[in-house]
């Protein structure tokens, strides 16, 4: 191989890596499981690409569309064996917090200072401070529940529950 051929090959390999790393998790599942994807009907392939499912879809199609479930439960309902997959998501909740602590400005005058998670007025010999700062907490929620009878979706519920 010549130097320019090695350069072109390296550039192509780098470009491929960049494209693959930009792919969504769903696109990576489809790329990693082409035989499962090809076994789906054309309409199910379109749903999988959109991250959607339908009643009657196979477990494999649901896996490609939504990913691995966060929880799996098995049982019986009306005399039939069922399996239920549960998916969780998280939602940010923004709040303002009040922080307190020890610290101080040892000098002749007071002033505003940043300490820990907030800022507040610190007197000339006051080692205690109080301040407010924004905070974010992620709250989990049930994003989807899919029930299978046999290998097919019998019921599903998507969206925050």
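The values are calculated or read from the model by the stated rules, or taken from the named source; none is laboratory data. Because the structure is predicted, anything quoted here is derived from the model rather than measured. Here the Cβ is made from the backbone with ideal geometry for all residues, glycine too, and neighbour counts use every protein chain on show.
Considering only residues of segment 39-55 that are within 18 Å of residue 69 (Cα to Cα) and not in a helix (DSSP H, G or I), which is nearest to the chain's Cα centre (by Cα)? Residue satisfying both the conditions and the ranking: 51.
Residues are listed down the side, and each one gets a yes or a no for (1) surrounded by fewer than 12 Cβ atoms within 10 Å (Cβ to Cβ); (2) outside the structural domain of residue 143 (by TED's automatic domain parsing):
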residue: 35; (1), (2): yes, yes
residue: 51; (1), (2): no, yes
residue: 54; (1), (2): no, yes
residue: 59; (1), (2): no, yes
residue: 63; (1), (2): no, yes
residue: 77; (1), (2): no, no
residue: 89; (1), (2): no, no
residue: 92; (1), (2): yes, no
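Taking the conditions (1) at pLDDT 95 or above; (2) outside any loop (DSSP other than H, G, I, E, B); (3) in contact with a helix residue (DSSP H, G or I) (Cβ under 9 Å, 6 or more places away or on another chain) in turn, residue 20 satisfies each one other than (1).
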